[in-house]
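First the structure, in the form of C-alpha coordinates, and then the observations on it.
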Amino acid sequence: MRAPCIQIHLPAWVNDFLASLPPVLESPEERMRVAISLAEQNVANDSGGPFGALVVAAESGRVLAVGVNRVEPGNCSSAHAEILALSLAQQRLGLSSLAETGLGPVELVSSCEPCAMCLGAVPWSGVSTLVCGASKVDAEAAGFDEGDRSDQWISQLAARGIAVRTGILRSAAAEVIRRYARSGRRIY
(Lines give C-alpha, C1' and ligand atoms only; values in the text may rest on other atoms or scores of the structure.)
Protein backbone atom coordinates (compact mmCIF):
# COMPACT_ATOMS: atom_id res chain seq x y z
CA MET A 1 0.00 0.00 0.00
CA ARG A 2 1.28 3.44 -0.89
CA ALA A 3 1.28 6.32 1.56
CA PRO A 4 -1.84 8.42 0.95
CA CYS A 5 -1.60 12.04 -0.08
CA ILE A 6 -3.91 14.97 -0.60
CA GLN A 7 -3.84 16.91 -3.84
CA ILE A 8 -6.07 19.90 -4.34
CA HIS A 9 -5.53 21.71 -7.62
CA LEU A 10 -6.78 25.13 -8.57
CA PRO A 11 -8.90 24.96 -11.72
CA ALA A 12 -7.16 25.43 -15.08
CA TRP A 13 -8.88 28.78 -15.71
CA VAL A 14 -6.82 30.29 -12.87
CA ASN A 15 -3.71 30.32 -15.11
CA ASP A 16 -5.36 32.71 -17.57
CA PHE A 17 -6.79 34.71 -14.68
CA LEU A 18 -3.32 35.19 -13.16
CA ALA A 19 -1.87 36.15 -16.54
CA SER A 20 -4.46 38.92 -16.84
CA LEU A 21 -3.69 40.51 -13.45
CA PRO A 22 -1.74 43.74 -13.28
CA PRO A 23 1.71 43.29 -11.70
CA VAL A 24 0.72 45.46 -8.73
CA LEU A 25 -2.58 45.77 -6.85
CA GLU A 26 -2.33 49.04 -4.97
CA SER A 27 -5.52 49.57 -2.95
CA PRO A 28 -7.64 47.34 -0.72
CA GLU A 29 -10.51 47.88 -3.16
CA GLU A 30 -8.43 46.77 -6.14
CA ARG A 31 -7.31 43.68 -4.23
CA MET A 32 -10.89 42.94 -3.17
CA ARG A 33 -12.10 43.23 -6.79
CA VAL A 34 -9.64 40.43 -7.60
CA ALA A 35 -10.93 38.26 -4.74
CA ILE A 36 -14.53 38.83 -5.86
CA SER A 37 -13.61 38.11 -9.46
CA LEU A 38 -11.99 34.83 -8.38
CA ALA A 39 -15.23 33.89 -6.60
CA GLU A 40 -17.33 34.88 -9.64
CA GLN A 41 -15.14 32.90 -12.03
CA ASN A 42 -15.19 29.87 -9.75
CA VAL A 43 -18.99 29.87 -9.88
CA ALA A 44 -19.18 30.69 -13.61
CA ASN A 45 -16.81 27.83 -14.42
CA ASP A 46 -18.63 25.44 -12.06
CA SER A 47 -15.31 24.72 -10.38
CA GLY A 48 -16.28 25.31 -6.75
CA GLY A 49 -18.05 27.56 -4.29
CA PRO A 50 -18.53 31.33 -4.31
CA PHE A 51 -15.40 32.33 -2.43
CA GLY A 52 -12.03 33.71 -3.57
CA ALA A 53 -8.89 34.88 -1.80
CA LEU A 54 -5.42 36.16 -2.48
CA VAL A 55 -2.22 36.72 -0.55
CA VAL A 56 -0.45 40.00 -1.32
CA ALA A 57 2.81 41.58 -0.26
CA ALA A 58 1.09 44.56 1.36
CA GLU A 59 3.65 47.27 0.58
CA SER A 60 4.49 46.32 -3.01
CA GLY A 61 1.01 45.10 -3.97
CA ARG A 62 2.52 41.99 -5.56
CA VAL A 63 0.25 38.93 -5.58
CA LEU A 64 1.95 35.95 -3.97
CA ALA A 65 -0.86 33.42 -4.45
CA VAL A 66 -4.57 33.07 -5.07
CA GLY A 67 -7.15 30.55 -3.96
CA VAL A 68 -10.71 29.59 -4.75
CA ASN A 69 -13.08 27.34 -2.88
CA ARG A 70 -12.55 23.70 -3.95
CA VAL A 71 -14.56 21.90 -1.25
CA GLU A 72 -16.94 20.09 -3.60
CA PRO A 73 -14.63 19.21 -6.52
CA GLY A 74 -11.84 18.23 -4.12
CA ASN A 75 -14.08 16.30 -1.72
CA CYS A 76 -12.22 18.14 1.01
CA SER A 77 -13.93 20.24 3.67
CA SER A 78 -10.74 22.21 4.32
CA ALA A 79 -10.29 23.31 0.68
CA HIS A 80 -11.48 26.86 1.37
CA ALA A 81 -10.20 29.77 -0.72
CA GLU A 82 -8.28 31.30 2.19
CA ILE A 83 -6.62 28.03 3.20
CA LEU A 84 -5.55 27.34 -0.39
CA ALA A 85 -4.23 30.88 -0.96
CA LEU A 86 -2.23 30.80 2.28
CA SER A 87 -0.91 27.28 1.64
CA LEU A 88 0.08 28.05 -1.95
CA ALA A 89 1.87 31.24 -0.90
CA GLN A 90 3.78 29.34 1.79
CA GLN A 91 4.71 26.54 -0.63
CA ARG A 92 5.72 28.98 -3.35
CA LEU A 93 8.00 30.86 -0.96
CA GLY A 94 9.24 27.74 0.87
CA LEU A 95 8.12 29.07 4.25
CA SER A 96 5.69 27.83 6.86
CA SER A 97 5.10 31.41 8.04
CA LEU A 98 4.47 34.33 5.71
CA ALA A 99 5.93 36.62 8.39
CA GLU A 100 9.36 35.37 7.28
CA THR A 101 9.16 36.39 3.60
CA GLY A 102 11.43 39.42 3.78
CA LEU A 103 8.81 41.19 1.65
CA GLY A 104 7.39 43.21 4.51
CA PRO A 105 3.85 42.75 5.81
CA VAL A 106 1.71 40.18 4.03
CA GLU A 107 -2.04 40.54 3.60
CA LEU A 108 -4.80 37.97 3.14
CA VAL A 109 -7.69 39.34 1.08
CA SER A 110 -10.87 37.25 1.14
CA SER A 111 -14.18 37.77 -0.61
CA CYS A 112 -15.89 36.85 2.69
CA GLU A 113 -15.13 37.08 6.39
CA PRO A 114 -13.49 33.89 7.62
CA CYS A 115 -15.40 30.86 8.77
CA ALA A 116 -14.28 29.24 12.04
CA MET A 117 -11.63 27.10 10.30
CA CYS A 118 -10.13 29.91 8.22
CA LEU A 119 -10.15 32.24 11.21
CA GLY A 120 -8.10 29.66 13.09
CA ALA A 121 -5.53 29.53 10.28
CA VAL A 122 -4.94 33.29 10.15
CA PRO A 123 -2.73 33.71 13.26
CA TRP A 124 -0.42 30.84 12.27
CA SER A 125 -0.15 31.89 8.63
CA GLY A 126 2.09 34.88 9.32
CA VAL A 127 -0.13 37.50 7.69
CA SER A 128 -0.28 40.92 9.28
CA THR A 129 -3.59 42.03 7.77
CA LEU A 130 -6.89 40.38 6.88
CA VAL A 131 -9.18 42.21 4.43
CA CYS A 132 -12.74 40.91 4.00
CA GLY A 133 -15.63 41.61 1.64
CA ALA A 134 -18.93 39.87 2.45
CA SER A 135 -19.80 39.22 6.08
CA LYS A 136 -20.43 36.01 7.98
CA VAL A 137 -24.08 37.09 8.08
CA ASP A 138 -24.14 37.25 4.27
CA ALA A 139 -22.73 33.71 3.95
CA GLU A 140 -25.08 32.31 6.59
CA ALA A 141 -28.09 34.01 4.97
CA ALA A 142 -27.29 32.00 1.84
CA GLY A 143 -27.21 28.81 3.93
CA PHE A 144 -23.48 28.28 4.49
CA ASP A 145 -22.44 27.01 7.95
CA GLU A 146 -19.65 29.34 9.02
CA GLY A 147 -19.11 27.75 12.44
CA ASP A 148 -18.71 29.41 15.79
CA ARG A 149 -16.78 32.65 15.99
CA SER A 150 -16.35 34.96 18.95
CA ASP A 151 -17.98 38.37 18.65
CA GLN A 152 -14.54 39.73 19.59
CA TRP A 153 -12.72 38.00 16.71
CA ILE A 154 -11.38 41.27 15.30
CA SER A 155 -9.96 42.46 18.61
CA GLN A 156 -8.57 38.97 19.26
CA LEU A 157 -6.65 39.10 15.98
CA ALA A 158 -5.56 42.67 16.77
CA ALA A 159 -4.14 41.43 20.08
CA ARG A 160 -1.98 39.08 18.00
CA GLY A 161 -0.80 41.94 15.79
CA ILE A 162 -3.16 41.24 12.88
CA ALA A 163 -5.19 44.18 11.57
CA VAL A 164 -8.64 43.44 10.14
CA ARG A 165 -10.64 45.46 7.63
CA THR A 166 -14.17 44.26 6.91
CA GLY A 167 -16.91 45.29 4.52
CA ILE A 168 -14.64 46.17 1.59
CA LEU A 169 -16.96 46.05 -1.46
CA ARG A 170 -19.34 44.02 0.71
CA SER A 171 -22.43 44.28 -1.50
CA ALA A 172 -20.58 43.02 -4.59
CA ALA A 173 -18.99 40.16 -2.65
CA ALA A 174 -22.29 39.19 -1.01
CA GLU A 175 -24.06 39.20 -4.38
CA VAL A 176 -21.76 36.42 -5.64
CA ILE A 177 -22.78 34.29 -2.66
CA ARG A 178 -26.49 35.07 -3.15
CA ARG A 179 -26.34 34.22 -6.87
CA TYR A 180 -24.68 30.91 -6.05
CA ALA A 181 -27.40 30.08 -3.52
CA ARG A 182 -30.17 31.03 -5.99
CA SER A 183 -28.61 28.77 -8.64
CA GLY A 184 -29.61 25.72 -6.62
CA ARG A 185 -26.05 24.45 -6.29
CA ARG A 186 -25.15 22.53 -3.16
CA ILE A 187 -24.69 24.60 -0.02
CA TYR A 188 -22.17 22.82 2.19
Next item on the list: Among the numbered conditions (1) among the charged types (D, E, K, R); (2) open to solvent by 40 Å² or more (accessible area, probe 1.4 Å); (3) touching a Leu at 6+ places or on another chain (Cβ under 8 Å), tell me where residue 70 comes up short.
Entry: (2)
Checklist line | Contacts under 6 angstrom Cβ, first residue in the stretch 63-74 being under 17 Å from residue 114 (Cα atoms), partner open to solvent by less than 20 Å² (accessible area, probe 1.4 Å) and part of a strand (DSSP E or B), 6 or more apart | finding: 66/54; 67/53; 68/52
Checklist line | Close pairs (9 angstrom Cβ cut-off, 6 or more residues apart or separate chains): within 13 Å of residue 175 (Cα to Cα) in the stretch 28-47, open to solvent by 30 Å² or more (accessible area, probe 1.4 Å) and among the charged types (D, E, K, R) anywhere | finding: 36/175; 40/179; 43/179; 43/185
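Yes or no, residue by residue, for (1) of a type outside the set (Lys, Arg); (2) part of a loop (DSSP other than H, G, I, E, B); (3) under 27 Å from residue 161 (Cβ atoms):
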{"residue": "10", "(1), (2), (3)": "yes, yes, no"}
{"residue": "30", "(1), (2), (3)": "yes, no, yes"}
{"residue": "35", "(1), (2), (3)": "yes, no, yes"}
{"residue": "43", "(1), (2), (3)": "yes, no, no"}
{"residue": "55", "(1), (2), (3)": "yes, no, yes"}
{"residue": "59", "(1), (2), (3)": "yes, yes, yes"}
{"residue": "65", "(1), (2), (3)": "yes, no, yes"}
{"residue": "82", "(1), (2), (3)": "yes, no, yes"}
{"residue": "86", "(1), (2), (3)": "yes, no, yes"}
Check: Limited to the stretch 146-159, what total is found for residues that are open to solvent by 30 Å² or more (accessible area, probe 1.4 Å) and either assigned to a helix (DSSP H, G or I) or within 21 Å of residue 54 (Cα to Cα) (or both)?
Finding: 5
Notebook entry, point to check: Only one residue in 142, 99 is out of contact with any Leu (no Cβ under 7 Å at 6 or more places or on another chain) and in contact (Cβ under 8 Å) with a residue 40 or more places away in the chain. Which one?
Noted result: 142
Notebook entry, point to check: Of all residues in the stretch 12-27 being in contact (Cβ under 8 Å) with a residue 12 or more places away in the chain and in a helix (DSSP H, G or I), which is least open to solvent (accessible area, probe 1.4 Å)?
Noted result: 14
Next item on the list: Identify all residues within the stretch 101-145 that are open to solvent by less than 10 Å² (accessible area, probe 1.4 Å), more than 18 Å from residue 188 (Cβ to Cβ), of a type outside the set (Val, Ile, Thr) and in a helix (DSSP H, G or I); write none if there are none.
Entry: 125
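The values are calculated or read from the model by the stated rules, or taken from the named source; none is laboratory data. Predicted model only: the values in this text are computed from it and were never measured. Note that we place each Cβ from the backbone using ideal geometry, even for glycine, and neighbour counts take in every protein chain shown. Surface accessibility is based on the protein's heavy atoms, side chains included, excluding ligands, DNA and RNA. Shrake-Rupley method; radii C 1.70, N 1.55, O 1.52, S 1.80 Å.
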